[in-house]
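Structure record follows, encoded as structure tokens.
Just so you know, all these numbers are worked out from the coordinates, no wet-lab data involved. What you are looking at is a predicted structure, and each value in this text was computed from that prediction instead of being measured. Neighbour counts are summed over all protein chains in view; Cβ atoms, including those assigned to glycine, are modelled from backbone coordinates with ideal geometry.
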Amino acid sequence: MIGRCTRLTDEQRTAASVMALNGATNRAISEFVGGKLDTVAEVAARVRWTDSLVAPISSGRPQILGPRDRRRLLHLFLRHSDLELRRVVDLFNIEMPRPVSVRTVKQCLCAAGVRVLRRRMKPDVSTRNRAKRLARAKERLN
């Protein structure tokens, strides 16, 4: 029967974990602890998988980029700061076993303290405006 798992107290959870490590079946654990079989099965599976009562240090999604990859990305970005971010990502993905998205690279650079901004070119000043600027500057000097 699939349904919502009930919560176990800390004492029940500890007892179920110890019994699971000692090789008891899920049914025997649920009868001893007094919890639902599904809930006990989840606790026991986690304990049997890690082989310890303590939860693993790293939980959740694995990181896409390790520390070495992050350093390499930062150096690559700083070395090619004149390129678009998309081009830097393409250069970075050449050596990666699995390609990384632009969004992931932006998040990594933001975490490193680098702000990814769009480069904007200043418009060229026309010769007519250059002459006006020079005349105005000379007026202000005098």
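For the chain, adding -39500 (n - 2.57) for each run of n ≥ 4 DSSP H residues and dividing by the number of residues yields -17500 deg cm²/dmol at 222 nm.
Of all lysines in the structure, the ones whose alpha carbon falls short of 29 Å from that of LYS132, not counting any fewer than 8 places away in one chain, are LYS122. With coordinates expressed along the principal axes, the C-alpha atoms belonging to region 80-142 extend over 64, 23, 15 Å, beginning with the largest. A straight Cα-to-Cα reach below 16 Å connects LYS36 with none of the lysines, residues fewer than 8 places away in its own chain not being considered. Applying both filters, DSSP loop and at most 16 other Cβ atoms within 10 Å, to the trypsin sites (Lys or Arg not before Pro) of region 81-130 gives ARG115, ARG118, ARG119, ARG120.
Rg and Dmax over the alpha-carbon atoms of region 10-50 stand at 8.4, 24 Å. So what does log10 I(q)/I(0) come out to for region 60-104 at q = 0.18 Å⁻¹, using the Debye formula with one equal point on every Cα and no solvent? One equal scatterer on each Cα of region 60-104 leads to -0.51. Remark: region 126-138, residue by residue, has Karplus-estimated 3J(HN,Hα) of 5, 5, 5, 5, 5, 5, 5, 4, 5, 5, 5, 5, 5 Hz, where x stands for each Gly or Pro and the curve is 6.51 cos²θ - 1.76 cosθ + 1.60 at θ = phi - 60°.
A viscosity of 0.692 mPa s and a temperature of 37 °C, combined with the Kirkwood radius over C-alpha pairs in the Stokes-Einstein formula, give the chain a diffusion coefficient of 155 µm²/s.
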